[in-house]
Amino acid sequence: YLQPQGLEVHDLFDDLKDGQVLATLLETLSGESPTVYGRLRFPADLHIQRLANLNVVFTFIKQYIQLVDITPQDILDGDEQRTLDLVWCIMEFFSVEMINESFGTDIQDYDELKEGLLAWCQEKTSPYELSVPDLTEGVAD
């Protein structure tokens, strides 16, 4: 999603700090530009520019995803746990959206997606008398 825009991620915790990677990824996934919520400055060399970019990106994200205990300052500070939480929330939301679009389903959240996938796995493996109790160890083989 990022290479066509000339962006690469080498260090997740550092590369998200200026907001450019996040803004580009979100625009690619959603089809909408975060710039409707404010001006983005790239390159963002100053701390205040990076924080301003992240504030715009977070305003955009919150139109789609409810973030709990993750702030622009966390990403700017390189907080590993909060950065991973943010990336997971984005992946979770947009994976459900993409599946709904691709298969014409109406899955509402990631938990519902996991339940559906587990049910599908159980249905497909039942003729072979295989047990798939969950999506971790049950599908490891």
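Translational diffusion of the chain, estimated by Stokes-Einstein from the Kirkwood radius over alpha carbon pairs at 10 °C in a medium of 1.306 mPa s, is 94 µm² per second. As I understand it, the value is the acute angle between the Cα axis of helix 47-61 and the longest principal axis of the Cα atoms of the chain; what does it come to in degrees, rounded to 10? On a 0 to 90 degree scale, this one is about 40. When the GluC sites (Glu not before Pro) in region 1-110 are filtered for DSSP coil states and for at most 13 other beta-carbon atoms within 10 Å of their beta-carbon, the remaining sites are Glu8, Glu32. Within a straight-line Cα-Cα reach of under 27 Å, Lys17 can be paired with the following lysines, leaving aside sequence neighbours fewer than 8 residues apart in one chain: Lys62.
The accessible surface of the chain, taken with every protein chain in place and a 1.4 Å probe, is 49 percent carbon and sulfur. The lysines whose alpha-carbon is closer than 16 Å to the alpha-carbon of Lys124, local same-chain residues fewer than 8 away aside, are Lys114. Projection of the Cα convex hull of region 25-94, averaged over all directions and equal to a quarter of that hull's surface, yields 4.5 nm². Highest mobility in the GNM of the chain, judged by mean-square fluctuation with C-alpha springs under 10 Å and restricted to Thr28, Thr59, Thr105, is found for Thr105. Taking packing as the residue-averaged number of other Cβ atoms within 10 angstrom, the listed peptides 85-91, 67-73, 124-130 run from highest to lowest as 85-91, 67-73, 124-130.
Projecting the Cα atoms of Val9, Pro133, Met98 onto the charge dipole of the chain, computed from C-beta unit charges around the Cα centre, puts Val9 farthest toward the positive end. May I ask for the angle, rounded to the nearest 10°, between helix 20-30 and the longest principal axis of the chain, with both axes built from Cα atoms and the value confined to 0 to 90°? Helix 20-30 sits roughly 50 degrees off the main axis of the chain. The label point for Tyr128 and the one for Ser33, both projected 7 Å from the Cα toward the Cβ, are 4.9 nm apart. Once the Cβ-Cβ distance of Ser102 and His10 is raised to the sixth power relative to R0 = 25 Å, the FRET efficiency obtained is 0.25. The three principal axes of the Cα atoms in region 1-43 give end-to-end lengths of 28, 19, 15 Å, sorted in falling order. Other residues whose C-beta falls under 15 angstrom from the C-beta of Ile70 contribute a net charge of -4, scoring Lys and Arg +1 and Asp and Glu -1.
The values are calculated or read from the model by the stated rules, or taken from the named source; none is laboratory data. Treat the numbers as computed from the prediction; the structure is a model and nothing was measured. Glycine gets a Cβ as well: all are built from the backbone with ideal geometry, and neighbour counts include every protein chain shown. Surface areas here come from the heavy atoms of the whole protein model, side chains and all, with no ligands, DNA or RNA. Shrake-Rupley method; radii C 1.70, N 1.55, O 1.52, S 1.80 Å.
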